[in-house]
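Please read the structure below before turning to the comments.
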C-alpha cells in the first residue's frame, strides 16, 4: 500500500512537472520575423519602408499578434522606448548589417534586436537620417564603428538620448552649413 501511495505521488509530481515544461516552452517560443513588402509603411512616421537604406525594425506584439514595421532602427526604438510600449510583451527584430547590404537590407538577415549590438552616432544614414546600425556580434559592431564612427551599445543600454543626440548633431551641422553659405 505504501509503495502504491509513493508511486501515485511520483506520477502526480511527474505530470505536474511535464505540464510546467509545456507551459514554459509556450512562453519562450517567439514568432518568426515577417518580411518587409514594397507597400509597407513605417508604424511611426508613415514613410515607405523599402525605399530607404539602412537597417529596419519590426515589433510583433504577443497579445494582439500584430506586426509593427519601422523604416529604421531609430523609429523602432522611438516606439519601443515609449512608456506604454516599454513593458509590453513584444518580439523585436532588426537587420544584421554584417550579413546584408546597407542600401537594400535582406530580410533573411533579421535577428532578435534584444540580442543585437548597436552602433550609435555613426556617419551612415537610414530612412530618417542618422540611425542605429544593428549587428549580431559585438565584433562586427566594433568593426563598423572603427570604419564609420560611433559607439557600440547593447539593446538594454539604448536610451532616448541616443535617438535625439544624432538629430541635434545633424541640425547643428545643417545650421553650420547654412551659416557658411550666407557668408
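The values are calculated or read from the model by the stated rules, or taken from the named source; none is laboratory data. Since the structure is predicted, the reported quantities are computational estimates derived from the model, not experimental observations. For neighbour counting, all protein chains shown are included, and Cβ atoms are generated from backbone atoms with ideal geometry for every residue, glycine included.
So, in the stretch 124-136, exactly how many residues are surrounded by fewer than 22 Cβ atoms within 10 Å (Cβ to Cβ) and over 16 Å from residue 52 (Cα atoms)?
So the count comes out to 1.
Considering only residues that are surrounded by fewer than 16 Cβ atoms within 10 Å (Cβ to Cβ), closer than 25 Å to residue 30 by Cβ, over 10 Å from the mean Cα position of the chain (by Cα) and touching a residue at least 40 places away in the same chain (Cβ under 8 Å), which ones fall in the stretch 84-123?
none
Do we find a residue being surrounded by 14 or more Cβ atoms within 10 Å (Cβ to Cβ), over 17 Å from residue 105 (Cβ atoms) and touching a strand residue (DSSP E or B) at 6+ places or on another chain (Cβ under 9 Å) anywhere in the stretch 47-59?
So far as the stretch 47-59 goes, no, none of its residues is surrounded by 14 or more Cβ atoms within 10 Å (Cβ to Cβ), over 17 Å from residue 105 (Cβ atoms) and touching a strand residue (DSSP E or B) at 6+ places or on another chain (Cβ under 9 Å).
Looking at (1) modelled with pLDDT under 95; (2) in the same structural domain as residue 159 (by TED's automatic domain parsing), find the lone condition where residue 17 falls short.
(2) is the only condition that residue 17 fails.
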